[in-house]
Amino acid sequence: MFRKDSKASLFLELAKPNDKGFSRAVSVDEFKGRYAGLKLGNGGSWCREGVGLGAKYNIHRIPKGNSIGAIALHGFRKAEIGTNIPPRIRKELKGKRCAVLGTSKPQIDHKDGRRDDPRYNDPESLTSDDFQPLSRAANVAKRQVCKKCRQTNKRFDAKTLGYYVSQVQGNGVYRGSCVGCYWHDIAYFNSEASKPRDK
């Protein structure tokens, strides 16, 4: 997508985002040698939202005093989507149990609580991994949590449910991606949260 010698490509090489579009926070002090071209001018033009790198990723610019101290990627950018669930997906998830309660005959839920992943507009590109089985009670609870997130841009804190982490990717501020939130993908969250912690 980006030219090999572009600033976007250099930053991606340095930041090494994962397959969900999240990266570590890259300090501006690392912009030297091969990466000297990334040094920020007035306003950090190459890392603005909506253009270049910011057209594909949600960019988190971390302040240091009155300047930008570090830059991190917080998932892929999204756009408005449709809400229809393809029949083949319904068939594939039929018989699954609720990801939260383990009850039978759950509803099929869009994992993306904001329903703005553009892939949802292309039924052929969707897989069962874009959805999860939730009981009606769990689905209603998720809907309320997502509504609050849309209003406040504060992501759900899984510590309120007894987990030791609030999110497994990103942090408590919504920056354009639901990935890492408990309600986005409960099975994934449980898998990540159950991994041994560093001592």
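The values are calculated or read from the model by the stated rules, or taken from the named source; none is laboratory data. Note that the coordinates shown come from a computational prediction; the quantities given were computed from them, not determined experimentally. Cβ coordinates were reconstructed from backbone atoms using ideal geometry, including for glycine residues, and neighbour counts include every protein chain displayed.
General observations
- Single residue of R143, R150, R97, R175 found to be outside the structural domain of N58 (by TED's automatic domain parsing), under 22 Å from P17 (Cα atoms) and either outside any helix (DSSP H, G or I) or modelled with pLDDT under 95 (or both): R175
- Reported count of residues in region 3-34, each being basic (K, R) and surrounded by 12 or more Cβ atoms within 10 Å (Cβ to Cβ), is 3.
- In region 110-131, the residues that are part of a loop (DSSP other than H, G, I, E, B) reach residues that are of a type in the set (V, I, T) with C-beta atoms within less than 7 angstrom, at least six apart or across chains, in these pairs: R115/I81; R115/T83; D116/I81; D117/I81; L126/I89.
- Subset of region 52-77 [of a type in the set (G, A, S) and surrounded by 20 or more Cβ atoms within 10 Å (Cβ to Cβ)]: A72, G75
- When each of R150, R197, R143 is tested for being surrounded by 13 or more Cβ atoms within 10 Å (Cβ to Cβ) and among the basic types (K, R), the lone residue that passes is R143.
- Residue match in region 50-67 (condition: assigned to a strand (DSSP E or B) and in contact with a helix residue (DSSP H, G or I) (Cβ under 7 Å, 6 or more places away or on another chain)): yes
- Output for region 1-45, where each listed residue is touching a residue at least 60 places away in the same chain (Cβ under 8 Å) and charged (D, E, K, R): K20
- Hits in region 178-188 (condition: assigned to a helix (DSSP H, G or I) and either under 15 Å from G75 (Cβ atoms) or not hydrophobic (A, V, I, L, M, F, W, C) (or both)): Y188
- Within the set R119, R175, the sole residue that is of a type in the set (D, E, K, R) and out of contact with any Gly (no Cβ under 8 Å at 6 or more places or on another chain) turns out to be R119.
- Residues satisfying the criterion are absent from region 109-117 (criterion: surrounded by fewer than 18 Cβ atoms within 10 Å (Cβ to Cβ), more than 17 Å from W183 (Cβ to Cβ) and either touching a strand residue (DSSP E or B) at 6+ places or on another chain (Cβ under 9 Å) or assigned by TED's automatic domain parsing to the domain that holds R143 (or both)).
- Residue match in region 146-160 (condition: in contact with a strand residue (DSSP E or B) (Cβ under 9 Å, 6 or more places away or on another chain) and aromatic (F, W, Y)): no
- Counting only residues that are over 22 Å from Y57 (Cβ atoms) and surrounded by 14 or more Cβ atoms within 10 Å (Cβ to Cβ), region 118-136 holds 7 of them.
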